[in-house]
Every structure is written in C-alpha cells, then in structure tokens.
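The values are calculated or read from the model by the stated rules, or taken from the named source; none is laboratory data. Note that this is a predicted model, so its numbers are computed, not measured. Cβ sites come from the backbone with ideal geometry, for glycine too, and all protein chains shown count toward neighbours.
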Amino acid sequence: MPPKIPNSLDAHWYWDVNRFAVHTSWAHGFMAFYAEYGAVGVLGVLLLAAWWRARSSPDPLQAVSAVLWAAGGTVLAWGLAHYGLKPLIARPRPYFAMPQAEVLLHKTTGYSFPSGHATVAGAVIVGLWLSRDKLMTILAAIVGLLLCFGRVYTGMHYPGDVAGGLVFGSLILLVAYPPAVALLRRFDKLLLDKTPLAVMVSSRPPDRHTKVGAA
C-alpha cells in the first residue's frame, strides 16, 4: 500500500529527500551528527576565525564590529525564531503527518517552521558576508547549505522550514546591521583606546605609551 502523503509540494519534496535517505544508510551516522551538532560547531569556529582575521584587516574597528554582529545577530535571530515565529505559526513536524517517514534524530514535539538550525545558517552566512570576509562567507555557505539539507535528510523538517529559516536569519542580520554595528563600533573603540583589551579589536593596537611620550 503506497504511503499517504499530504497534498502539498513541500510534503512531496520532503518525501523525495526522505526516500533518498532510506537508500543511503551509509551516510546516516555522519548526517545525523552533522545536522544536529556538527555544522553548528563548524559555523561557530568560522565566526571565531573571522574575528581573528578581522583584527588584521585595514579597518579592524569596522571589521571586528561586523563579525561581532554576525555572532550576536545569529543568537538574536535564533531566539526570535524559536520563541516567536515557531509558536506563532505552530506548524507540526513532518513526521506527524507522515509517520512512515525515516527519522534519524530524536523526535521532538516542538514546532517545525522555521528551522532553528537553518536560521542560524542564514544568519552566519549573511553576517560574514556583511563583514566582507569572502573566504569565511564561502565556507559558511557550504557548511550552512549542507546543514539545511541535513535537517530535511534526517526527517526533522520540510524543505519550506529550512528555506524560511534561511530567509528569516538573513533578514534579521541585514535589517539590524546599521544600528547594531554602529553601537558595537563605539564599544570596540572604547576597548581599543581605553583598555588593555585592545588586542581583541586589532592585531596592531595603538601604543598609548608612545603617544603620551610624543605629546
């Protein structure tokens, strides 16, 4: 007896990916770990690498502030998605509509749209793009898009859930970028000019002793 699939394009695409997952059991272990923890960890490492590289940029104050917004904005976007959009839209997980689906991770009763993992991916990708670190942006895009596929592959989300997460995370980072980075610049400038933590902002912090002597 053929499985009963809800009459929507999103459900049919989910089922197509799910059938692909059934026939690629050799990838289950990797994809389950990657889609739950691994990719988020790698995205975190890329943010750290971007901060380290930003310290040596021609304008470290702007670059570091942008990377800090990429990190902080990602947390903000995830929080808004998890505590705001998910309960507001209240879309059930796909495996409740299709109980015959292969699910590689622990089934949760939480809502499905938007995907929190995809929200993080979209926010990190756009945040690093705004910081103008091309290498880290490309790497984050590869890691993030594979994460989005992994959330569908493991049975946790519809494709529309991950698309919505990508868009939502991206929009939060874009819309709030000007005021957030302006505020972070003031904070970073304080660190750079007034504290021993200047090395957190620039790999070539100003030598305040030299300035005092020169004056």
**Request:** For region 58-114, name all the residues that are polar (S, T, N, Q) and crowded, with 19+ Cβ neighbours inside 10 Å.
**Result:** 65, 74, 112
**Complete:** The one condition residue 46 fails out of (1) surrounded by fewer than 19 Cβ atoms within 10 Å (Cβ to Cβ); (2) assigned to a helix (DSSP H, G or I) is (1)
**Asked** Is it fair to say residue 77 is part of a helix (DSSP H, G or I), at pLDDT 95 or above, touching a Pro at 6+ places or on another chain (Cβ under 8 Å) and closer than 24 Å to residue 123 by Cα?
**Response** no
**Message:** Can you list residue pairs whose Cβ atoms sit under 8 Å apart, with the first residue in region 67-87 being in contact (Cβ under 8 Å) with a residue 40 or more places away in the chain and the second being of a type in the set (Asp, Glu) and assigned to a helix (DSSP H, G or I)? Count only pairs 6 or more apart in sequence or on different chains.
**Reply:** 68/188
**Complete:** Taking region 49-66 and keeping residues without any contact (Cβ under 8 Å) to a residue 24 or more places away in the chain and assigned to a helix (DSSP H, G or I) leaves 51, 52
